[in-house]
Amino acid sequence: MTQSPMHDTGGVANVLGIAVHAVDMESAVARMCLAIDTGRKGYVCLAGVHGIMEARRHPDLRAILAHALLVLPDGMPTVWMGHRQGLASMQRVFGPDLMLEMIGRPELRHYRHFLCGGEPGTPERLRDELLRRFPQASIVGTYAPPFRPMTPEEEAALAAQIHSLQPDIVWVGLSTPKQDRFMRRYLPLLETRLMVGVGAAFLYHTGAIRDSPQWVKRAGLQWLHRLLQEPARLWRRYLLNVPLFLLQATLQVAGLRSYGVRDNPSGGTEQPGEVPH
């Protein structure tokens, strides 16, 4: 297979001490394809304002992001921070769009996909919608994890299901930070190459929530569009995180406060993609 050209500089943006890869959609797809084709195993996290602030609060989540194969810029504020650091080619990689790119491109139809997330029935509805849009896609299985911690029996059943189906990618739609912790725990136990946390992609593509107009996305206001659709569930997340992120990002950009990725609690100096053996 011919890989897509790499458009990124190979660098990372420092977003409040969280290293986010300076990629665009094409280079993110290319890196994921390369990982699958070369047999590399890893998980992919998508970092927006909510994820960055959760990682600032929780050392375990910060360590999870540090060990990811890729940390993708899921929100415009993370992109703007990269641009301020000279990473002009860095562009937003929105989780629902990334899923469509990987599943829908005809040249990638040989990859096998597994959908993991949502309430019972949601991954099946997502599978049906994706196959309606992309009949050539190979979606080999679905699973809706319980909202509580999984029992050893449930873990063994999921591992057996993945073993029998051999997907290249397990798409995880459990929201941040639950999906990131889920991937970190289960990647070593599952026979798949990649796990990708795509948050609300399951809801977007099944019509449970509406996507934002492009001008809203470009303006960095998609969080507000989401908040207006799900105010009871999301008000605390956005109304607490967004002002605090803006304050801390302003201090970082102005040079009034330093956030070093070397302060990572999981190992000191590692960049994303360095997984301990």
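Measuring between their Cα centroids, region 56-130 and region 154-204 lie 13 Å from each other.
Tally Lys/Arg at +1 and Asp/Glu at -1 over every other residue whose Cβ is under 12 Å from the Cβ of Ile162; what's the total? Combined, the nearby Lys, Arg, Asp and Glu give -1. Taking 0.36 nm per residue of separation and subtracting the Cα-Cα distance, full extension of the segment from Ala159 to Ser258 would add 31.4 nm.
Just flag the chymotrypsin sites (Phe, Trp or Tyr not before Pro) in region 107-167 sitting in loop per DSSP whose Cβ has no more than 13 other Cβ atoms within 10 Å. Passing sites in region 107-167 are Phe147.
Between Cys45, Leu108, Asn14, the Cα set farthest toward the positive side of the dipole of region 1-159 (charges on each charged residue's Cβ, about the Cα centre) is that of Asn14. Backbone amide hydrogens, once placed in the peptide plane, bring Val15 within less than 5 Å of Val20, excluding anything fewer than 5 places away on its chain.
Placing R0 at 35 angstrom, the Cβ-Cβ distance between Glu129 and His58 gives a FRET efficiency of 0.60 after rounding to 0.05. Quick one: if you stick a label point 7 Å off each Cα along the C-beta vector at Thr250 and His83, how many nm between them? Going by the 7 Å Cα→Cβ label model, 1.9 nm. Extension gain, His110 to Leu189, is 26.1 nm, computed as 0.36 nm per intervening residue step minus the present C-alpha separation.
Taking amide hydrogens as placed 1.01 Å from N in the peptide plane, the amide H of Asp74 sits under 5 Å from those of Ala47, Gly48, Val93, each at least 5 positions away in sequence or on another chain.
No lab work stands behind these numbers, since they all come straight from the coordinates. As the structure is a computational prediction, the values presented were derived from the model and not from experiment. Here Cβ is always computed from backbone atoms with ideal geometry, including for glycine, and neighbour counts include all displayed protein chains.
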